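**Q** Structure in structure tokens, see below.
The values are calculated or read from the model by the stated rules, or taken from the named source; none is laboratory data. Being a predicted model, the structure only gives us computed values, none of them experimental. So basically every Cβ, Gly included, is an ideal-geometry build from the backbone, and we count neighbours across all protein chains shown. The accessibility values were calculated without ligands, DNA or RNA, using every heavy atom of the protein model including side chains. Shrake-Rupley method; radii C 1.70, N 1.55, O 1.52, S 1.80 Å.
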Amino acid sequence: MNRALGVLTCGALLSIGLGVLGSGEPRLALVLGAVFAALATAGFGWVRTREHLAWSAAYVAVQLPLAFVLFTIDAGVGTTLFLVVLVSQCVLLRLPRPAIALVIAVVPLVHLGMSLGEGLREGIGTLISVLFAAIITELLLREQRSRRELAEAHAKLRDHAAQAERLATAQERNRVARDIHDGLGHSLTVVQMQVKAARAVLPTDPGKADEVLAKAQEQAEAALAEVRRSVRTLREPRPVPPLPEALKALAEETSATGVTARLTVTGTERPLPDEQREALYRAAQEGLTNVRKHAGAEAADVVLGYTATAVRVEVRDDGRGSDGGATAGFGLVGLRERAAHLGGALVFTSTPGGGSALTMEIPG
């Protein structure tokens with residue numbers, strides 16, 4: 001917009017100069033036109049950068065009388081263009097609307113020296129010209145503001161999208177970490193316990209050792225399948241057995257490693273959404289894994305309880321227990337995240353000499 005007004009100002013000055021050279025009009029018009037043009041270009045740019053109402057008002061207070069004097073000397077097209085430029089600049093300087101309206105109303109008064117009919121005709125034409133210039137300038141300003149606001153909105157949207165992407169990445173990373181710990185970690189723990197058991201009975205009962213090693217091989221194959229499933233990012237969903245059946249298999253795995261595990265189901269069994277079922281299964285899995293690794297227990301009880309509004313899984317053992325309360329292991333951290341995500345809770349209690357208990361309860 002500034003460039004367009006600069007070009008228009010130079011064109012108006014050129015028109016005045018040609019008029020002076022061609023018709024012998026007073027050279028004072030050229031001098032005053034040059035002063036007006038200098039102020040309308042360099043002076044206006046300086047004032048606009050200040051963004052101060054006092055400087056803007058002072059600029060208009062100087063340019064408007066100068067344009068009137070110039071119009072008195074040379075009432076040509078160039079001087080009229082100067083007035084159009086001045087009105088547009090009033091809008092660009094963001095003067096109060098009453099002040100802009102006052103300038104627009106004063107501009108046609110340059111024709112007061114003419115006869116009534118001619119002055120009225122020329123005044124109306126000039127009024128329409130400067131009013132049109134003011135409206136066009138205001139529309140252009142609004143369009144520029146809209147573009148800036150749109151660009152800012154796009155920038156904020158990009159920032160929000162980047163934040164959402166980072167959050168989704170972090171959530172997915174945590175989910176993968178839980179899956180690796182709860183799936184592969186559990187399987188490798190079972191394999192480790194079974195290999196230890198096989199080595200313990202190998203000298204005295206090779207047949208029993210071979211049976212235990214066969215189960216360890218099955219568990220290793222299951223772990224490998226779990227890894228492949230994770231690599232495929234769950235594109236091919238695996239068959240999901242009912243929760244009681246899956247917990248029964250976990251209990252049998254634990255019993256095969258030397259710790260007797262029993263499953264008890266209370267309440268009326270009902271299907272559960274995959275996410276709830278997975279969380280409860282992982283809680284029982286983590287509880288039995290900890291029993292085998294840390295508890296020094298001879299037996300463990302797994303309780304699956306259905307109530308009207310919730311489902312609970314509890315793993316209790318008769319091991320040594322501890323007085324440290326809930327540990328900060330990755331397994332319990334992941335289970336707490338699962339429970340909180342589903343609106344439930346995870347509780348771990350341990351008593352020295354009295355065993356431990358891990359309980360997850362979620363709505364369902």
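**Q** If I take the Cα coordinates of region 4-127 and project them onto the principal axes, what are the three extents in Å, biggest first?
**A** The principal-axis extents, from largest down, are 41, 31, 21 Å.
**Q** Still on this structure: Just the number please: accessible area per residue for region 1-116, 1.4 Å probe, all protein chains included, in Å².
**A** Per-residue value: 51 Å².
**Q** Give the distance, in whole Å, between the Cα centre of region 281-323 and the Cα centre of region 116-154.
**A** Centre-to-centre (Cα) distance: 78 Å.
**Q** Looking at T254, P241, A283, which one has the Cα that reaches farthest to the positive end of the dipole of region 236-306 (charges on Cβ: Lys, Arg +1; Asp, Glu -1)?
**A** Result: T254.
**Q** Sticking with this one: Explain nothing, just the number: dipole magnitude of the chain about its Cα centre with +1 on each Lys and Arg Cβ and -1 on each Asp and Glu Cβ, in debye rounded to the nearest 20.
**A** Using Cβ point charges on Lys, Arg, Asp and Glu, the chain gives about 880 debye.
**Q** A further question follows. For the chain, which longest stretch is free of loop sites, where a loop site is one of the trypsin sites (Lys or Arg not before Pro) that DSSP puts outside H, G, I, E and B and that has at most 16 other Cβ atoms within 10 Å?
**A** Free of exposed loop sites, the longest segment is 95-231.
**Q** For a distance above 27 Å, tell me the whole-number percent of Cα pairs in the chain that qualify.
**A** 65
**Q** Something else: Pairs of lysines 8 or more apart, or on different chains, with alpha carbons under 21 Å: count those in the chain, would you?
**A** 6
**Q** Based on alpha-carbon centroids, what's the gap between region 238-267 and region 1-79 in Å, whole number please?
**A** 93
**Q** While we're on this one: List the GluC sites (Glu not before Pro) within region 281-357 that fall in a DSSP loop (any state other than H, G, I, E or B) and whose Cβ has at most 12 other Cβ atoms within 10 Å.
**A** E298
**Q** Points 7 angstrom from Cα along the Cβ direction at V77 and E218: gap in nanometres?
**A** It is 10.0 nm.
**Q** Could you provide, to the nearest whole Å², the per residue accessible area of region 268-364 with probe 1.4 Å?
**A** 46
**Q** Accessible area of the chain with a 1.4 Å probe: how many percent of it is carbon plus sulfur?
**A** Ligands and nucleic acids excluded, carbon and sulfur reach 62 percent.
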